[in-house]
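Below you'll find the structure, written out as structure tokens, and then a few comments.
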Amino acid sequence: LSAPKPKAPRGTHDLLPAQAAARLRVEAAARAILEGAGYERIETPAFEATELFARGVGSSTDIVQKEMYTFADGAGRSLTLRPEGTAPVCRAYVEHGMHKLRQPVKLWYLSSFFRYERAQAGRQRQFWQVGAEALGSSEPALDAESIVLLAQLLSELGLAGGLRLRLSSLGSRDSRAEYGERLREHLRAHEGELASEVRERINLNPLRAFDSEHAGTRAVMARAPRLLDFLDREDAAHFAEVRALLDEAGVAYEVDATLVRGLDYYTRTVFEFTSEELGAQSGVGGGGRYDGLVSQLGGPQTPGMGWAAGIERILLAGQLPVAASPAIDLYVAFEREIGISPPEGGSDGSAVVSAAGRERRDGGSQVSVAFGVLCAARAAGLSAQMEFAGRSLKNQLGHANRLGARYVAIVGAGETTLKDMQSGGQETIAADTVVHAVLRGLHEL
Ligand code: HAM
């Protein structure tokens with residue numbers, strides 16, 4: 001019996017070359033848009049102390065309660081593969097004293113994250129996010145800018161059609177505490193109609209009841225008090241300003257008081273883009289303000305605002321056209337020389353090797369001439385490839401054609417032919433003038 005072939009773990013996938021081009025487009029668009037707005041790239045470690053997420057993301061959240069990949073290292077430290085990027089970025093902000101830099105500090109990332117969730121289309125256990133975090137400003141204009149940047153990115157990637165933007169405000173921790181009490185009273189008054197998991201979380205996290213799919217719970221929540229009605233004056237004014245700026249920017253949104261995001265650090269603005277192109281996992285990207293997170297992680301009181309969007313979901317919803325791989329400038333084909341064979345068993349191998357070496361010195365084998373042309377072409381900045389698969393000359397030309405090569409150099413015994421694949425014309429030239437001829441030909445275009 002042969003052992004079963006190894007497979008990628010459930011909820012993970014290989015990024016194959018055919019999908020890599022679309023991924024690169026997402027990355028290029030994110031870089032152009034975010035760096036144009038003053039965001040700089042940050043990359044935090046793939047794992048962090050478990051404590052960071054327990055404190056930052058919140059111990060009552062699904063992520064911390066059941067979705068973390070947590071392990072002990074050799075010294076018994078509890079570490080966790082990062083389930084999200086905001087807590088790590090804030091940890092880095094505190095650790096590197098970034099509050100001393102000019103504010104706001106704007107950072108973006110494109111990294112993979114890990115959550116032990118039920119795998120399905122658009123929901124992976126290792127997934128990629130592009131994210132943007134701005135720390136050190138509580139200006140409503142920063143909230144609006146952040147949302148507009150994600151809207152712009154999604155629209156550039158072809159998602160604009162089926163997108164919906166939901167927006168709400170969770171207020172400050174104080175107004176939320178008062179609201180939480182009122183919501184708990186409402187939930188307790190209807191305990192019998194609620195899903196058991198909602199009932200169990202009445203004390204811990206009553207807001208999450210808005211996320212429930214359970215019919216009885218939904219009916220109770222439809223009559224529940226709304227957090228938006230409990231905002232204090234400052235929070236309400238902040239939210240009104242964010243909305244006015246989005247209106248000004250022409251970004252359409254719906255105010256949805258039931259929008260609660262599955263992470264505990266949010267204060268004031270929260271938002272989420274969903275796409276009707278996606279099935280059950282319709283969230284493309286979302287985020288919000290987290291004015292208490294940095295101080296909670298031991299830093300100075302520092303407001304923050306950001307978002308993250310799932311790359312897999314962007315690709316599923318955006319249907320980016322598959323870009324053809326770029327054509328190359330030069331393909332170096334060669335005729336296999338007859339008479340130089342690898343050393344044969346039993347005979348004196350070293351003699352054969354030195355014979356081949358002498359042949360190269362005497363005029364160069366085709367392979368070494370071809371390899372020399374290849375290296376010279378690359379040194380001159382051309383994109384070039386050579387034959388590695390032992391094809392016949394005819395098949396090498398076919399292969400060069402499929403690669404979209406503009407020129408093909410055919411290195412033969414004693415002479416080299418340069419073929420212009422566009423005009424079909426060809427000339428016999430010295431091998432060491434191939435690069436010059438190709439450069440001249442390309443510049444004449
Ligand atoms: P999140 O809503 O948990 O927020 O994740 C953001 C996006 O990541 C989702 O909208 C979705 O596209 C993608 N995503 C999440 N989980 C999965 C999964 N299992 N498989 C595939 N894609 C997934 C955050 O992570 C916050 N850190 C966002 C943020 C940044 N808030 C403020 N700053």
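The values are calculated or read from the model by the stated rules, or taken from the named source; none is laboratory data. On a predicted model such as this, the values are computed, not experimentally measured, just so you know. Glycine gets a Cβ as well: all are built from the backbone with ideal geometry, and neighbour counts include every protein chain shown. Calculation scope for accessible area: heavy atoms of the full protein, side chains included, ligands and nucleic acids excluded. Shrake-Rupley method; radii C 1.70, N 1.55, O 1.52, S 1.80 Å.
Only one of these is at pLDDT 95 or above, in a loop (DSSP other than H, G, I, E, B), open to solvent by 20 Å² or more (accessible area, probe 1.4 Å) and within 16 Å of the ligand (Cβ to nearest atom): ALA8, ALA54. Name it. Among ALA8, ALA54, only ALA8 is at pLDDT 95 or above, in a loop (DSSP other than H, G, I, E, B), open to solvent by 20 Å² or more (accessible area, probe 1.4 Å) and within 16 Å of the ligand (Cβ to nearest atom). Filtered by the rule that a residue be within 18 Å of the chain's Cα centre (by Cα) and not small (Gly, Ala, Ser), the stretch 100-123 gives LYS106, LEU107, TRP108, TYR109, LEU110, PHE113, PHE114, ARG115, ARG123. Where the second residue is among the polar types (S, T, N, Q) and away from the ligand (no atom under 13 Å from the Cβ) and the first is closer than 11 Å to TYR265 by Cβ and touching a residue at least 12 places away in the same chain (Cβ under 8 Å) and lies in the stretch 291-308, which pairs have Cβ atoms under 7 Å and are six or more apart or on separate chains? Filtered contacts from the stretch 291-308: ASP291/SER138; VAL294/THR302. For SER295, are the conditions met, namely being modelled with pLDDT under 95 and in a helix (DSSP H, G or I)? Taking the combined requirement at face value, the residue does not satisfy it. Being touching a residue at least 24 places away in the same chain (Cβ under 8 Å) and more than 11 Å from the ligand (Cβ to nearest atom) is a condition met by at least one residue of the stretch 128-137. Residues in the stretch 114-127 that are more than 7 Å from the ligand (Cβ to nearest atom) and part of a strand (DSSP E or B) were compared, and the one that is surrounded by the most Cβ atoms within 10 Å (Cβ to Cβ) is PHE114.
Is it the case, given these coordinates, that VAL332 is part of a helix (DSSP H, G or I) and away from the ligand (no atom under 12 Å from the Cβ)? In short, no.
Counting the residues of the stretch 271-292 that are more than 9 Å from the ligand (Cβ to nearest atom) and either within 11 Å of MET305 (Cβ to Cβ) or charged (D, E, K, R) (or both) gives 4. Of the residues that make up the stretch 150-168, is at least one away from the ligand (no atom under 12 Å from the Cβ), more than 21 Å from ILE314 (Cα to Cα) and not aromatic (Phe, Trp, Tyr)? Taking every residue of the stretch 150-168 in turn, at least one turns out to be away from the ligand (no atom under 12 Å from the Cβ), more than 21 Å from ILE314 (Cα to Cα) and not aromatic (Phe, Trp, Tyr).
Within the stretch 294-320, track down each residue that is more than 9 Å from the ligand (Cβ to nearest atom) and either more than 22 Å from TRP128 (Cβ to Cβ) or not hydrophobic (A, V, I, L, M, F, W, C) (or both). VAL294, SER295, GLN296, LEU297, GLY298, GLY299, PRO300, GLN301, THR302, PRO303, GLY318, GLN319, listed by residue number.
Among the numbered conditions (1) closer than 14 Å to GLY262 by Cβ; (2) open to solvent by 30 Å² or more (accessible area, probe 1.4 Å); (3) over 25 Å from the mean Cα position of the chain (by Cα), the only one that SER60 does not meet is (2).
The condition of being within 21 Å of GLY304 (Cα to Cα), more than 14 Å from the ligand (Cβ to nearest atom), among the small types (Gly, Ala, Ser) and open to solvent by 30 Å² or more (accessible area, probe 1.4 Å) holds for only one of ALA219, ALA244, that being ALA244.
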